[in-house]
Amino acid sequence: MIGSYFNFICLLFIFIPIIKSSSLLYYKTACELLKLPRDCHCQRTRGVPITSLNETRLRCRQLTKLTTDYRWSIVPYDRLAFETPNDNLTLHRFAFSDIRARTIRFDVENLLLTDHAFDNAYIGQLAISHTDTPGRINFETNGQVFYGSTITNIYIKSMNFQKPISEMIFANAKIYTLLIQASKFYGYTNKKAVLYPINETHSKIETQHDNFLEYDLMVTTSPSILTNTQTSPLKIRRRKRPKIFRQILETSDENLPSLPDRTVTINITSINLPAFVTIYTILSSIDTTNLTEFYFPNNIEYSQTDEIELSYNFILAIDAYAFRHLESFEGRLILTHNHIQFLSPLAFAYLYSIHNLSLAYNSIVNLTSKHFESLYQLTELDLSSNKIERLPPDIFVSLTNLQRLRLNNNPLTSIDPLVFTNLIHLNEIQFANMNLSNLIHPETSQWIWNLANLHVNYLLNTK
């Protein structure tokens, strides 16, 4: 009996230290695990397992560089904030590789993001801004900053871009919402200076995250991002699309021909490094007289994009073939509040699959059938609040699938009797804030009977 009791006591002395040490490891705070720089302050409730994503909150002030000297990705974060409002901050290569966070926020005067800075990151919201006055944001030339990352929302506000950025920034990334607001944005470039021979080997990569990470709505103000309620965390319900495996060019030194060192310019998007953006938005950031193709990255898989919005910018004209990269885009194109006066006859060429187009709240005067001849699949067109005075008889001749047409608040003086004849699927047309009595005349009112023959259900007029 005494021997058994002695053996039991010995076993307790052996196992208690082991249990205690493993318990301490399991309940270590994020601060202890990270070995943070002194400029960072970490908050974490002791006794909460490190697997809990909602407890790690880190705030760093006046840092000027973020490097791999600290293992930032060793713990997941609820909120990660960097405040350097009066200085420069550089995020170095692979510094945030594999990081997991619901919210990462930068309040920086001058931010530089280098190649692969967010390599394979998994983030709810990445917010970059500067309080009081606009800051500056720079990207390493042709750097693949967000390579392989899955990010619910990238929100850039009051940060002036210094030049057009390379579309390779988003290579192999999956982004639900990209929003640039109240900044100076100069578009994209897909040209790259390369020094031959290339001495780099790539391998295949597959998307690791099928779902977007939810986050608390702390920074975002755009209502388009609120998918359920304005007070609840973001819960995104997307229709399932075929999984796309990203294949990257494989090269090795042995297969490269011996070439003299020389600098040439190539199209970098000829290499298959696609980006996936569901909602693409630029608000109050384009200060150009002419909208061109350079505001739409060539490497985005637009068949996976639901909405593109460029509103509240200072755009006066849309050039020919401005949307030539959007041939597979099937969603909604919103170009409201932009001061647009002139449209090239080929402005909307290549938009063969688009379903919804809004040109409301601009200064458009003249439109012809040439403007719409590529929009075969268009089901909704909003021309409200422009300066359109007349509708030519063949203006909508190509829009045979159009279902809803909004002409509200236009100074229309005449409507050709045959203007709606080809709109065989039209079921709603709006004339709000217009005096239809000027357009209904015994000699010119045939267009109303044509609408009746088309079985239009809703002819709306509030005046």
Tell me, yes or no, whether region 364-375 has at least one residue that is of a type in the set (Lys, Arg) and closer than 27 Å to residue 275 by Cβ. no
Report, by residue number, each residue of region 336-387 that is among the hydroxyl-bearing types (Ser, Thr, Tyr), surrounded by 18 or more Cβ atoms within 10 Å (Cβ to Cβ) and over 24 Å from the mean Cα position of the chain (by Cα). 374, 384, 385
Tell me, which residue of region 301-319 that is assigned to a loop (DSSP other than H, G, I, E, B) and under 14 Å from the mean Cα position of the chain (by Cα) is surrounded by the most Cβ atoms within 10 Å (Cβ to Cβ)? 305
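Quick grid of which residues meet (1) modelled with pLDDT of 95 or more; (2) of a type outside the set (Asp, Glu); (3) within 12 Å of residue 156 (Cα to Cα):
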{"residue": "92", "(1), (2), (3)": "yes, yes, no"}
{"residue": "101", "(1), (2), (3)": "no, yes, no"}
{"residue": "106", "(1), (2), (3)": "yes, yes, yes"}
{"residue": "113", "(1), (2), (3)": "yes, yes, no"}
{"residue": "117", "(1), (2), (3)": "yes, yes, no"}
{"residue": "123", "(1), (2), (3)": "yes, yes, no"}
{"residue": "129", "(1), (2), (3)": "yes, yes, yes"}
{"residue": "133", "(1), (2), (3)": "no, yes, no"}
{"residue": "136", "(1), (2), (3)": "yes, yes, yes"}
Number of the condition not met by residue 243 [criteria: (1) over 24 Å from residue 116 (Cα atoms); (2) modelled with pLDDT under 55; (3) within 20 Å of the chain's Cα centre (by Cα)]: (1)
When you look at residue 132, is it within 20 Å of residue 92 (Cβ to Cβ) and assigned to a loop (DSSP other than H, G, I, E, B), yes or no? no
Does any residue of region 410-426 turn out to be surrounded by fewer than 16 Cβ atoms within 10 Å (Cβ to Cβ) and under 17 Å from residue 331 (Cα atoms)? no
Only one of 313, 267, 299 is modelled with pLDDT under 95 and out of contact with any Pro (no Cβ under 6 Å at 6 or more places or on another chain); which? 267
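In this structure, does residue 293 turn out to be outside the structural domain of residue 178 (by TED's automatic domain parsing), more than 18 Å from residue 378 (Cβ to Cβ) and surrounded by fewer than 22 Cβ atoms within 10 Å (Cβ to Cβ)? Don't jump to the end; show me each part of the working.
Values: outside the structural domain of residue 178 (by TED's automatic domain parsing): yes; more than 18 Å from residue 378 (Cβ to Cβ): yes; surrounded by fewer than 22 Cβ atoms within 10 Å (Cβ to Cβ): yes.
Yes; evaluated as a whole, the condition is true for this residue.
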Please list, ordered by first then second residue, the pairs with beta carbon atoms under 6 Å, 6 or more apart or interchain, first in region 316-339 and modelled with pLDDT of 95 or more, second of a type outside the set (Asp, Glu) and in a helix (DSSP H, G or I). 326/302; 328/302; 328/303; 329/302
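The values are calculated or read from the model by the stated rules, or taken from the named source; none is laboratory data. Computed from a prediction, not measured in an experiment: that's the story for all the values here. Cβ sites come from the backbone with ideal geometry, for glycine too, and all protein chains shown count toward neighbours.
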